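See below for the structure under consideration.
Nothing in this text is a laboratory measurement; each read-out follows from the coordinates by a stated rule. These numbers were taken from a predicted model, which means no experiment stands behind them. FYI the Cβ positions are ideal-geometry reconstructions off the backbone, even for glycines, and counts take in every protein chain you see.
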Amino acid sequence: MYGVKKNKGYEYTLEELIKRLDINLLIDKPVRELSLGQRIRCEFVAAFLHSPEIVFLDEPTIGLDFYSKNIINNFIQDMNQKKGVTVIYTSHDLIEVEKITNRLIVINSGKIVFDGNAKKLRRLYRYNKKMIIIVNDIVDKYLVDKMFNHLDPNNYEIKYSLNKISLRFNTKEISIKSILNHIGFLDNILDISIIDTEIEQVVKWIYDNN
């Protein structure tokens, strides 16, 4: 590569990158015979071979298989945490971004509308929850709708899927206890789980309310 001196430091860095990105068996293969995931891993070796202080990555794992995506994400985290490399990572895969970054920047129409970590981002939407209810038969939509028909429909949303009820609600307007009291009339419940809103929904809320 241009500007990279082939000394002992170069040989050590190359060997370390080949090992971390698991491309030892790919070194002598023609590029045309490599899969997308294999080719991207080789490109990462080239990108980090000169020990950069900052790296810009635009959708680096899009279209990759799980194995390659996992290797690359672990590699990015290692290079940042152990080598001090600053990585600016742009992606629409927010779940992946949340896992590997310690700082998130949300941009809307060219302007920064959020700058902080994932916990701070989720706190913006902390009152919104999702409850998933599993029943042992096909959901009786009429019965469930009847249970909630006296509540303000702006404060909750119900979706049905065979034996599953997905309920989004705002705990400022409707308490979890109230929701549980309402669904207590169902006598075929198998499981109930309450989770925080997905990070995609949080970002959507930011865009909608910006």
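Points to keep in mind about this one:
- Where chymotrypsin sites (Phe, Trp or Tyr not before Pro) fall in DSSP loop in region 103-210, at most 15 other Cβ within 10 Å: Tyr127, Phe185
- Between the C-alpha center of region 172-210 and that of region 35-84 there is a gap of 36 Å.
- Measuring nothing but how far apart in sequence close Cα pairs (under 8 Å, 6+ apart) lie, relative to its length, region 123-209 scores a relative contact order of 46 percent.
- Gyration tensor over the Cα atoms of the chain: the corresponding equivalent ellipsoid has semi-axes (square roots of 5 times the eigenvalues, largest first) of 47, 21, 13 Å.
- Equivalent-ellipsoid semi-axes for region 80-205 (Cα gyration tensor, √(5λ), whole Å, largest first): 36, 16, 12.
- For region 182-199, the residues whose amide N sits under 13 Å from a probe point set 7 Å from the Cα of Ile134 along the beta carbon direction are 189-194.
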